[in-house]
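Take a look at the structure below.
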Amino acid sequence: MFSTAQSLDIAVALGWSDWRNPLLFVLFIPLVGLAINVLTQIVLLRLAKGRGFMKTIALGFFTGALFTFIAYFVAGVIWCSTAEDRGSLSLLLEWLFVIGPTYAGLGYGYASFANLGNTSIRIRLCEELRQYPAGRPVEDIQQQYSESGILHLRLHRLSEGGDLAKLEDRWRVNRQRFVRIGGVIFFAKQVVLGRRSEFDFH
Amino acid sequence: MRLAFTGVGLFVVAFVIHLVWWRIKLPYRQLPTLFKWFLLFFPIGFGALKAFGFWPPTWLLSPATAVVALLYFSLTITYVITYSALEADSPTLSLMRWISQKPDGATEADLESFMASRPFFQARLKALDVDGMTVRREGRVYLNGQPSLFFRVIISWRALYGSIDKGG
């Protein structure tokens, strides 16, 4: 049995052109997992005619993750069971610590990218301005993007997603996921920027 | 754990330096500066690892380096995207947190008042000006030249499953 370091040396020596090189699997498995994630999400969203956006994001992520870990397991078993006995359990564990965070990072990146296209005020404003080569009066834009408009679009999205509910004319939190995410984000703001909100100066 | 430690270690060092830098002085254009910093740090970090003998020179162009690069950049993407939520408050998250602090819930009037105290749209419009994506002349707002590659990619992707909501 080779040590992990020796196994890594052997893998590096196989280079780019030998398809048996396990590093190529470690490199490409998360990328293929990401591709499956993206395709699944887009197909599901099209089938649902644009509804249930967050559900399609979650399903896409888990489908990609499932592929990633099955492919990792199969590649690991094949590598460790070769006649030369080139592998070791610690090498398998090392792959897991590379493939897991890499897929999670790419999947999270895609989810945020998709969500940005869906909800970002900046992105939507730029897209609209692109359709007005002669520019738009500031007042028109302010009217369209009033604080009230921002509020009602979000209330609609959040109630449709089951995060908020309106009971007896009062809005209440129905599901805690965005509250928890918000808590993490506000804590991170404090650590990185030294303030909890961009409006702290008010 | 050499590959995992190298990728995560390089990211952690880049992150700590960024944290110190930001606490000393916030850059004028935070997000582009952050992204450029993490991109730039990768070759610098690898150069240092090679110079101190932690990464064999013969491995530099091997799949091992590509694996470490993929791990480092996936962590970078994660952080840079998360940072966009740190830099500017999210109306959705702000709203949810605020409502969650009201045990009896909030009326429409309460919510309108909360949103009026947080001029999200004005802040975004200013950010677009600062980032050079828009310009204002004589009371009108114009898109400043060709949109960035990132913007075009996100719009093309969005077109795959429908049009973008206007307003709000």
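Brief remarks on what is shown
- Condition met for B:V68 (within 30 Å of B:G9 (Cα to Cα) and within 26 Å of the chain's Cα centre (by Cα)): yes
- Taking (1) more than 30 Å from A:G162 (Cβ to Cβ); (2) out of contact with any helix residue (DSSP H, G or I) (no Cβ under 8 Å at 6 or more places or on another chain); (3) modelled with pLDDT of 90 or more in turn, A:V32 satisfies each apart from (2).
- Pairs are defined by a Cβ separation below 7 Å, a sequence spacing of at least 6 or placement on different chains, a first member in segment A:40-51 that is closer than 19 Å to A:G107 by Cα, and a second member that is among the hydroxyl-bearing types (S, T, Y) and in a loop (DSSP other than H, G, I, E, B); the pairs so defined are A:I42/B:Y161; A:L45/B:Y161.
- The lone exception for A:L96 - which of (1) modelled with pLDDT of 90 or more; (2) more than 7 Å from chain B (Cβ to nearest Cβ) it fails: (1)
- First in segment B:141-153 and under 14 Å from A:L125 (Cβ atoms), second anywhere and among the small types (G, A, S), Cβ under 6 Å, 6 or more apart: B:V141/A:G135; B:Y142/A:G135; B:N144/B:G132
- A:Y110 among the hydroxyl-bearing types (S, T, Y) and open to solvent by 30 Å² or more (accessible area, probe 1.4 Å): no
- Considering segment B:121-157, the residues that are part of a loop (DSSP other than H, G, I, E, B) and at the interface with chain A (Cβ under 7 Å from one of its Cβ atoms) include one that is least open to solvent (accessible area, probe 1.4 Å), namely B:P147.
- Checking A:A134, A:A114 one by one, the residue that is over 23 Å from the mean Cα position of the chain (by Cα) and either in a helix (DSSP H, G or I) or more than 7 Å from chain B (Cβ to nearest Cβ) (or both) is A:A134 and no other.
- When B:I99 is tested against the conditions (1) surrounded by fewer than 18 Cβ atoms within 10 Å (Cβ to Cβ); (2) more than 21 Å from A:L193 (Cα to Cα); (3) within 7 Å of another protein chain (Cβ to nearest Cβ), the lone failure is (1).
- Any hit, segment B:52-59, residues being of a type in the set (S, T, N, Q) and more than 26 Å from B:A123 (Cα to Cα): yes
- Candidates B:T65, B:T58: the one that is outside any loop (DSSP other than H, G, I, E, B), open to solvent by 60 Å² or more (accessible area, probe 1.4 Å) and of a type outside the set (D, E, K, R) is B:T58.
- If the condition is being buried (at least 18 other Cβ atoms within 10 Å of the Cβ), small (G, A, S) and more than 8 Å from chain B (Cβ to nearest Cβ), then segment A:11-47 contributes only A:G33.
- Number of residues in segment A:48-78 that are charged (D, E, K, R) and open to solvent by less than 60 Å² (accessible area, probe 1.4 Å) equals 0.
- If only residues of segment A:130-177 that are basic (K, R) and open to solvent by 40 Å² or more (accessible area, probe 1.4 Å) are counted, the one that is nearest to A:F53 (Cα to Cα) is A:R157.
- Unique residue being of a type in the set (D, E), surrounded by fewer than 16 Cβ atoms within 10 Å (Cβ to Cβ), within 14 Å of A:H152 (Cα to Cα) and within 7 Å of chain A (Cβ to nearest Cβ) when the list is B:E108, B:E112: B:E112
The values are calculated or read from the model by the stated rules, or taken from the named source; none is laboratory data. Just so you know, these numbers come straight off a predicted model, no measurement behind them. Cβ: placed from backbone, ideal geometry, glycine included. Neighbour counts: every protein chain shown. SASA here: full protein model, heavy atoms, side chains in, ligands and nucleic acids out. Shrake-Rupley method; radii C 1.70, N 1.55, O 1.52, S 1.80 Å.
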